[in-house]
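Below: the structure, in structure tokens.
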Amino acid sequence: MTYDLVALTAKAPNIRAAIDAMAHASPALRVRGAGSGAVIQLCDDEGRPLLNIEAAQRVDVEGEVERLLGPGAADGLTVPYWWVEVRASGDGDRPAALAHRFADDLVRRLGGRVWSARPAPADPGPGPGEGGR
């Protein structure tokens, strides 16, 4: 089962903000590139991807995000802004909670908002071997 969300950021995501947001999601996960560099994966100790984070896409057309995601999805944002798609995979609430931790922290750093078609699950806290932050 996958869980998708979109971080719409007011500022262009930079390497520092992305790395800090990944560490906020879980400092114990391993980072792996995929998709010829267009995707960053956060993986568990066995190498299973828990999060796929796609490269940021610049949004230049007013109303385009609302057309794709629905009314109010980009409230408070003015073009240009950036679309960062995050897909969590795996069982239980942990992967979806990791996705929200990453996206929420990225938006906290860069401004914007997080969109998901489904409500955020309760955060079960760190998984085995993740430790706390």
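Contact map, segment 57-78: first residue more than 24 Å from V39 (Cβ to Cβ), second residue surrounded by 11 or more Cβ atoms within 10 Å (Cβ to Cβ) and basic (K, R), Cβ cut-off under 8 Å, separation 6 or more or different chains; pairs are D75/R113; G76/R113. Please tell me if A7 is surrounded by 15 or more Cβ atoms within 10 Å (Cβ to Cβ) and assigned to a helix (DSSP H, G or I). Taking the combined requirement at face value, the residue does not satisfy it. For I40, the conditions (1) free of Cβ contacts under 8 Å to residues at least 24 places away in the same chain; (2) under 12 Å from the mean Cα position of the chain (by Cα); (3) over 14 Å from A99 (Cα atoms) all hold with the exception of (3).
All of the numbers you see were taken from the coordinates with simple rules; none came from a lab. These numbers were taken from a predicted model, which means no experiment stands behind them. Note that each Cβ is placed from the backbone with ideal geometry, even for glycine, and that neighbours are counted across all protein chains shown.
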